[in-house]
Amino acid sequence: MVAGTRRPEAVTVDETMMLRALDLAERGRGLTSPNPMVGAVVARGDEVIGEGFHARAGGPHAEVVALEEAGVDPGGATVYVTLEPCSHQGRTPPCAGMLAEKGVARVVMAMLDPNPRVSGAGMSYLADAGVDVSVGPYGDYALRLNEAYVKWITTGAPFVTLKMAMSLDGKVATRTGESKWISSEWSRADVQEMRRASDAVMVGIGTVTQDDPRLTVRTGAAGPGPLRVVVDSLARTPLESNVADTTEARTLLAVSGAAPPERVSRLQERGVEVVRLDAGGKVDLAALLRLLGEREIVSLQVEGGPELTRAMWEAGLVDKLVFYYAPKVIAGCGAPGPIGGSGVARMEDARPLRIDAVFEMGPDFKVVAYPEVD
């Protein structure tokens with residue numbers, strides 16, 4: 001696996017080294033936000049003399065770590081990096097200038113940085129300094145690796161992944177609302193890894209009242225974990241619910257203008273942050289995403305329920321779908337599917353998807369898909 005998909009077979013030295021850099025970048029997943037994940041390899045021919053990755057926002061960049069590990073004069077070496085080296089002063093010094101000063105002969109970057117402060121400038125700086133620069137290989141893998149960063153840095157909104165577990169016949173619960181557990185322990189462990197890598201996890205009030213989820217990471221998590229976001233127009237979140245307990249993780253409650261002030265106050269007393277984002281008596285979801293983006297929430301995982309997913313889907317706010325199918329049949333017209341509402345009336349109105357990958361998760365199947373862009 002590389003960048004969450006099946007690993008390509010490297011043929012050339014450049015491909016081999018860039019695959020290694022992508023593997024290194026992956027080590028920063030869930031740790032670097034709002035910065036991208038970046039890996040770097042310093043090599044002479046097919047010999048690796050140094051490597052590194054960006055481990056945390058504000059920490060040294062991958063190129064710096066790789067050159068320090070090399071511990072020798074890198075003059076004449078090639079540096080492989082998964083993202084264009086920066087040429088501006090941010091939290092850390094610019095990497096393009098450092099690479100030029102170190103006398104590296106060649107820099108191979110998988111992709112340009114879409115950040116307007118960087119895009120093309122790092123490459124130009126290196127070229128002007130006499131360094132041989134090129135873009136590729138595996139730019140598509142590098143783009144996939146940082147798909148959340150790319151969306152956030154270019155639009156200001158987080159990358160939205162819709163995650164749902166369902167039976168083989170597409171039901172997310174029984175007709176009585178029971179949903180634990182549809183998927184296997186393998187799928188649930190994978191979801192925990194997805195949460196760990198996300199800046200925020202979002203559910204609707206229906207999921208809170210039905211399942212009382214904690215929405216925390218329970219597998220090797222470091223730090224406070226993702227921000228918990230609850231869409232609750234009328235502030236009906238129970239004070240005794242797990243998401244109202246902010247000793248374990250932060251919670252942001254998005255309400256409409258119709259939310260009773262006394263309910264809002266009681267939740268705020270529990271440490272819950274409440275924001276009013278009204279759109280005709282409902283929560284303005286697009287405004288909520290903009291707010292999260294302003295707070296450097298780069299990746300958002302939406303975990304239901306059907307009414308929230310319907311609203312997100314119909315508003316065109318979903319960037320990626322991850323569905324887990326369990327080998328069970330729930331059946332029944334009263335059992336809900338993953339996306340609520342009345343649905344489309346004509347097949348030609350159904351939104352097309354691109355199936356990206358299918359994986360086995362124990363007895364389950366994980367399907368990754370992206371909405372087709374017009």
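Each reported figure results from applying straightforward, stated rules to the coordinates on display, with no laboratory input. Treat the numbers as computed from the prediction; the structure is a model and nothing was measured. Heads up, the Cβs are rebuilt from the backbone with ideal geometry, glycines too, and the neighbour counts pull from every protein chain shown.
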- Query: MET202's amide H: which non-local residues (gap 5+, or another chain) put their own amide H closer than 5 Å, with H modeled 1.01 Å from N in plane and none for Pro or chain starts?
  - Reply: VAL229, GLN301, VAL302, GLU303
- Query: For segment 21-29, in order, what is each residue's ³J(HN,Hα) by Karplus, 6.51 cos²θ - 1.76 cosθ + 1.60 with θ = phi - 60°, in whole Hz (x at glycine and Pro)?
  - Reply: 5, 5, 4, 5, 4, 4, 5, x, 4
- Task: Could you please report the charge total around GLY362, scoring K, R as +1 and D, E as -1 over all other residues with beta-carbon less than 12 angstrom from its beta-carbon?
- Result: -2
- Message: Ignoring everything except DSSP H segments at least 4 long, calculate the 222 nm mean residue ellipticity for the chain; use -39,500 (n - 2.57) per segment, divide by total residues, nearest 500.
- Response: -8000 deg cm²/dmol
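Taking the Cα centre of the chain as origin, work out the dipole magnitude from +1 charges on Lys and Arg Cβ and -1 charges on Asp and Glu Cβ, in debye rounded to 20. Intermediate values should be presented prior to the final figure.
Details: 39 positive and 49 negative charges, 219 e Å.
So the magnitude is around 1060 debye.
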- Task: Could you calculate, for segment 263-374, the ratio of the Cα radius of gyration to the Kirkwood radius, expressed as Rg to Rh?
- Result: 1.01
- Charge-dipole axis of the chain as Lys and Arg at +1 and Asp and Glu at -1 on Cβ define it, positive-most pick from VAL72, GLY204, SER187: GLY204
- Message: Given points 7 Å out from each Cα along the Cα-Cβ axis, report the VAL329 to VAL344 separation in nanometres with one decimal.
- Response: 2.7
- Message: Along the charge dipole of the chain, pointing to its positive end and built from +1/-1 on Cβ of Lys, Arg, Asp and Glu, which listed residue (MET312, ILE355, PRO137) has its Cα farthest out?
- Response: MET312
- Item | Gain upon complete extension [ARG44, ASP356; 0.36 nm per residue less C-alpha separation] | 108.8 nm
- When N counts the residues of the chain, how does its alpha-carbon radius of gyration compare numerically with 2.2 N^0.38 Å, as a ratio? 1.09
- Give the Rg (one decimal place) followed by the Dmax (whole number) of segment 165-310, computed from C-alpha coordinates and expressed in Å. 15.1, 43
- Work out which GluC sites (Glu not before Pro) in the chain are exposed loop sites (DSSP not H, G, I, E or B, at most 12 other Cβ within 10 Å) and give the longest gap free of them. 10-239
- Note on the structure: XL table LYS180/LYS282; LYS320/LYS366; LYS171/LYS366; LYS151/LYS171; LYS328/LYS366; LYS180/LYS328; Cα-Cα > 24 Å flagged, in table order, is LYS180/LYS282; LYS151/LYS171
- List, in order, the whole-Hz ³J(HN,Hα) value for each residue of segment 241-257 obtained from phi through the Karplus relation with A = 6.51, B = -1.76, C = 1.60 and θ = phi - 60°; use x for Gly and Pro. 6, 5, 6, 7, 8, 8, 6, 9, 7, 7, 10, 10, 10, 9, 10, 9, x
